[in-house]
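To keep things clear, I will list the structure first and then write my remarks on it.
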Amino acid sequence: MKKKNIMKSCGVDLRIKESNYEAEEKVIAKSIENSFQINQYDNILNSEAYVKTLGPEISNELDSVDYIVAAGSTGGTITGLAHYFKNILKLNTEIVLADPFGSELFNLKNNTDIKDSYKTIIEGAGKSKETEVMNLSLIDHTYKISDEESLYMCRKVAKFGYLLGGSSGLNICGSLKLIDELNLKNKNIVVICPDAGYRYLSKIYC
């Protein structure tokens with residue numbers, strides 16, 4: 001409801017569609033002049049945006065980037081950054097996927113069939129299939145993270161003045177699992193925190 005109210009406050013014509021929303025998007029886009037369907041799951045410009053923006057921003061700030069930890073849904077962020085550091089800069093940066101329970105990305109990457117009936121409440125993380133944007137072959141490590149772990153981390157980090165969304169808590173947990181598993185020391189680990197927590201006050205911080 002909070003996000004709906006934010007959009008309405010900006011004068012958005014908000015139309016709620018519970019199912020088959022992608023087909024509805026196409027119809028709306030064709031009916032409104034000078035409009036288009038973004039299609040973030042299959043639009044390759046999604047990942048290319050991170051190649052041109054966030055990738056260079058990170059590389060300009062750090063002398064070295066050993067690991068990047070991010071979640072995957074559309075795949076734009078993690079694929080774009082992986083392509084930038086691995087294929088364009090030709091670095092040995094390793095890419096880490098933090099995946100919530102209920103998502104199939106961990107299984108798809110590791111060729112496993114771990115079944116769970118979990119339905120994550122973390123928004124913007126996890127997917128039942130690999131999108132056109134996602135390139136799982138660029139990922140080096142994957143970790144399953146529970147909602148409980150992610151939300152606990154959000155509340156813990158908030159005590160230091162950082163109000164983050166659930167996917168940020170997920171990624172931080174993924175980085176800690178990485179450090180613990182590989183016993184990492186003196187490495188530059190970039191953790192993507194893509195969302196602010198004010199949209200999730202009743203879901204995460206109540």
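Every number in this text was worked out from the coordinates using simple rules, so none of it is lab data. Being a predicted model, the structure only gives us computed values, none of them experimental. As a convention, Cβ positions derive from the backbone with ideal geometry for all residues, glycine included, and neighbour counts pool all protein chains shown.
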Query raised in the report: What ranking, highest mean first, results for peptides 189-201, 8-20 when packing means the other Cβ atoms within 10 Å averaged over each residue?
Result: 189-201, 8-20
Query raised in the report: Which percentage, to the nearest 5, of the DSSP beta bridges contained in the chain is antiparallel?
Result: 5
Query raised in the report: Given the Cα-Cα distance of Glu33 and Glu57 and 0.36 nm per residue of separation, how much length would full extension add, in nm?
Result: 5.1 nm
Query - Computed lengthening from Glu18 to Ile6, 0.36 nm per intervening residue step minus Cα-Cα distance - result: 2.4 nm
Requested in this report: Using only the Cα atoms of segment 1-105, each taken as one equal point scatterer with no solvent, compute I(q) by the Debye sum, divide by I(0), and report log10 of the ratio at q = 0.12, 0.14, 0.24 Å⁻¹.
Outcome: -0.60, -0.77, -1.23
Requested in this report: Would you compute the Debye intensity of segment 152-201 from its alpha-carbon atoms alone, equal scatterers and no solvent, and pass along log10 I(q)/I(0) at q = 0.31 Å⁻¹ to two decimals?
Outcome: -1.15
Report summary line: Spelling it out for Thr142: with amide H atoms placed in the peptide plane at 1.01 Å from N, the residues 5 or more places away or on another chain with amide H under 5 Å from its amide H are Leu97
Report task. In whole Hz, with x marking every Gly and Pro, tabulate ³J(HN,Hα) for segment 55-61 from phi via Karplus 6.51 cos²θ - 1.76 cosθ + 1.60, θ = phi - 60°. Result -> x, x, 4, 5, 5, 6, 8
Query - From phi via Karplus (6.51, -1.76, 1.60), per-residue ³J(HN,Hα) for segment 128-138 in Hz, x at Gly/Pro - result: 7, 8, 7, 7, 5, 7, 6, 10, 5, 5, 8
**Report entry** Additional length obtainable on full extension of the chain from Leu201 to Glu48, 0.36 nm per residue less Cα span
**Finding:** 51.9 nm
Report summary line: Given all pairs of distinct Cα atoms, the chain yields a Kirkwood Rh in Å of 18.2
Query - Virtual spin-label span in nm between Leu184 and Glu148, 7 Å along Cα→Cβ - result: 2.5
Query raised in the report: For segment 176-181, in order, what is each residue's ³J(HN,Hα) by Karplus, 6.51 cos²θ - 1.76 cosθ + 1.60 with θ = phi - 60°, in whole Hz (x at glycine and Pro)?
Result: 5, 5, 4, 4, 5, 5
Query - Nearest-0.05 FRET efficiency for Asp140 and Ile114, computed from C-beta distance (R0 25 Å) - result: 0.85
Query raised in the report: Counting Lys and Arg as +1 and Asp and Glu as -1, each charge on the Cβ, what is the dipole of the chain about the Cα centre in debye, to the nearest 20?
Result: 600
